1. Restricting the search to segment 212-222, which residues are in contact (Cβ under 8 Å) with a residue 60 or more places away in the chain and either within 15 Å of Ala96 (Cα to Cα) or in contact with a Lys or Arg (Cβ under 8 Å, 6 or more places away or on another chain) (or both)?
2. Tell me the residue from Arg39, Arg87, Arg105, Arg91 that is among the basic types (Lys, Arg) and within 27 Å of Asp201 (Cβ to Cβ), please.
3. Would you be able to tell me the number of residues in segment 17-50 that are modelled with pLDDT under 80 and closer than 19 Å to Leu132 by Cβ?
4. Test Asp59 against the stated conditions and say whether it is of a type in the set (Asp, Glu) and over 22 Å from Gly143 (Cα atoms).
5. Counting just the residues of segment 106-122 that are modelled with pLDDT under 90 and outside any strand (DSSP E or B), which one comes out nearest to Gly86 (Cα to Cα)?
6. So which residues in segment 54-82 are assigned to a loop (DSSP other than H, G, I, E, B), over 16 Å from the mean Cα position of the chain (by Cα) and surrounded by 14 or more Cβ atoms within 10 Å (Cβ to Cβ), if there are any at all?
7. I'd like to verify a number: residues in segment 53-77 that are hydrophobic (A, V, I, L, M, F, W, C) and under 22 Å from Thr200 (Cα atoms), how many?
8. Give the residue that is surrounded by the most Cβ atoms within 10 Å (Cβ to Cβ), with candidates limited to residues of segment 198-222 that are of a type in the set (Phe, Trp, Tyr) and assigned to a loop (DSSP other than H, G, I, E, B).
Amino acid sequence: MPTKAQKRERSQWYRDTEERAYREIVDALVDTGADTTIRFETDAPKVELFAKLATHLGDVVEHRYDMDEVPADIETPLRALAQNIGRTLERVPQTAFILVPDAPRGMQVFTLVRNDGHSNIASPFDEKSRRLPNENTLTIARGFIGTYPNAFFVVPRAELGAFAKQLGSVASDADYAALQKGYGVRRTDADFWTTSDRLTDIYRDRWPIEAGVLDLSRYENR
């Protein structure tokens, strides 16, 4: 990326960190005095760089998680859900599988990942002091990401818009309980194992080499 963008990016990695020596070493190693020869045309060089890398790599880029081929009535509400940011996501599960039972084969399962904002990750200790909830974001991807789900949501295709709106507006424990009542599958739900087995069957059907038993040891109980 351009020199100014590089420095701006690194400064985001080490905000409020006491690891000054480490930061100074990194700055010294990367400060070569030479600017990039790549020509950037936008004010978002990182996004532009990723796009250039994807074009350069061509057919070797993994597209299994892409939403491009998902029908519009499924894609649109899920993309809208992924636009939520900040403290409103604090009660959203870290990782959840969304099952759309009446969707076409290959479009039935989506993974929701909550990306927690941090000032830095220079140390594995005292994470709470480095959390920045206002910078939380969501990632929605087709298929399975991870094997330690915290929650299952079963959402009929026609209700995806309502589900996305309700999840994006969760502001209290009562709001989350209402969401769970409508779409969640709690540990005590009579359909818990049926849902888990169905997700496992879909995983094995679509990605048989990597599929295995889901680890439910981190499944939430709220």
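The values are calculated or read from the model by the stated rules, or taken from the named source; none is laboratory data. Being a predicted model, the structure only gives us computed values, none of them experimental. Please note: Cβ atoms are built from the backbone with ideal geometry, for glycine as well, and neighbour counts cover all protein chains shown.
1. Within segment 212-222, Leu214, Asp215, Leu216, Ser217, Arg218, Tyr219, Glu220 meet the criteria.
2. From the options Arg39, Arg87, Arg105, Arg91, the qualifying one is Arg105.
3. Going through segment 17-50, the residues modelled with pLDDT under 80 turn out to be 17-35.
Those left that are additionally closer than 19 Å to Leu132 by Cβ: 17-19, 23.
Matching residues across segment 17-50 total 4.
4. No: the conditions fail for Asp59.
5. If we take residues in segment 106-122 being modelled with pLDDT under 90 and outside any strand (DSSP E or B), then Ser119 is nearest to Gly86 (Cα to Cα).
6. Listed by number, the list holds a single entry, Val70.
7. Summing the residues that are hydrophobic (A, V, I, L, M, F, W, C) and under 22 Å from Thr200 (Cα atoms) in segment 53-77 gives 3.
8. Per the criteria, the residue is Tyr219.
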